[in-house]
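Each remark here refers to the structure printed beneath this line.
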Amino acid sequence: MRINKALIIGVLFIICSLITYFAEFSSLTSILSSAVGMFLILTGLFEMKDYENRTLYLLVVAVLVAITIVLTYTQISSVYIGNELIDYICVVLILAVLLWAAYAFTRTWKLFDGKLSYLRVLVVVLLLGVMIFLEVPGAPLNYPTYNGSSTNQTNLGSFENQWISFDYPSNLTVEDASTSDHAEVYIYNGSEQIGEIVSGNGTITDFIYSKGFTKTTVAGRDAVIGNLTTSENGTSEGTLVSISLTNTTTLDINFEPNNGATLKQIIGTLSIKKTG
């Protein structure tokens, strides 16, 4: 039995997709890796079996591309964090390459030959480059990383437990009530509690369509940030940052109004050590 290059490369893309998914990296990259992998496996099977039904092949590829477009749109329009325009362009580019490869394949019924042309090398590099690009998390929209260099804050406190670590203004007090199953940290200014960092159940999509909430990235993870308001008069109750930990849990940071500088410092230096 001859070794088929397309089949082998397709399996490698599927493995990459599974690793990306179970490691809770970018779901968009996982979707696209799966699409490329299934395309290559399908093409490899047609090549191995010498099955030259052009209509059936192109129809199956078209269905695969359509499903990928739907999943991609759902991902980018809901929880994906980053520059959506650039992401859409990258996705269209990848799918265009697949469609071009599908058309070219039906002309010769051979995807790879003995000679690896510069064009094919360019296509492989392009696909890998886009996949890597989509793994890079977007930058926070409204809360830049705090680097401790501000002249208004020279003395820092540092907190760390099994769940998280972060820096905070040294005039504040941090109380840790976390357990092995639950993160629970409170921040005090004197005797007044001004903020908390606690484990939550659910997903950040619960807030996506809420008024005043914006998608962002905190500690390299998908997150949303927004103002909490009362239901009676709409006055501000503070700020909530909800960070995605797993498919069913979050890390929620709640702060009272007028504590924006402290919140920026904490989320800018936040490191998540444990997700569940």
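A few points about this structure:
- Any hit, segment 60-68, residues being assigned to a helix (DSSP H, G or I) and under 27 Å from Thr249 (Cβ atoms): no
- Selected residue (only one of Ile81, Ile86 is surrounded by 14 or more Cβ atoms within 10 Å (Cβ to Cβ), modelled with pLDDT under 90 and among the hydrophobic types (A, V, I, L, M, F, W, C)): Ile81
- For segment 226-244, filtering for residues that are outside any loop (DSSP other than H, G, I, E, B) and either at pLDDT below 85 or surrounded by fewer than 18 Cβ atoms within 10 Å (Cβ to Cβ) (or both) leaves 7.
- For segment 172-191, taking the residues that are of a type in the set (Asp, Glu) and farther than 23 Å from Ala261 by Cβ, the one that is surrounded by the most Cβ atoms within 10 Å (Cβ to Cβ) is identified as Glu184.
- Subset tally (residues that are open to solvent by less than 80 Å² (accessible area, probe 1.4 Å), without any contact (Cβ under 8 Å) to a residue 40 or more places away in the chain and of a type outside the set (Ser, Thr, Tyr)) for segment 60-70: 6
- Members of segment 245-276 found to be at pLDDT 90 or above and open to solvent by less than 30 Å² (accessible area, probe 1.4 Å), listed by number: Leu245, Thr250, Leu251, Asp252, Ile253, Phe255, Ile266, Leu270
- Taken over segment 192-209, residues that are modelled with pLDDT of 90 or more and open to solvent by 60 Å² or more (accessible area, probe 1.4 Å) amount to 2.
- Residue tally, condition touching a residue at least 12 places away in the same chain (Cβ under 8 Å), open to solvent by 60 Å² or more (accessible area, probe 1.4 Å) and more than 30 Å from Val218 (Cα to Cα), over segment 10-59: 7
The values are calculated or read from the model by the stated rules, or taken from the named source; none is laboratory data. Just so we're clear, the structure is a prediction, and the values are computed from it rather than from any experiment. Using ideal geometry, Cβ is built from the backbone for each residue, glycine included, and neighbour counts are taken over all protein chains shown. The accessibility values were calculated without ligands, DNA or RNA, using every heavy atom of the protein model including side chains. Shrake-Rupley method; radii C 1.70, N 1.55, O 1.52, S 1.80 Å.
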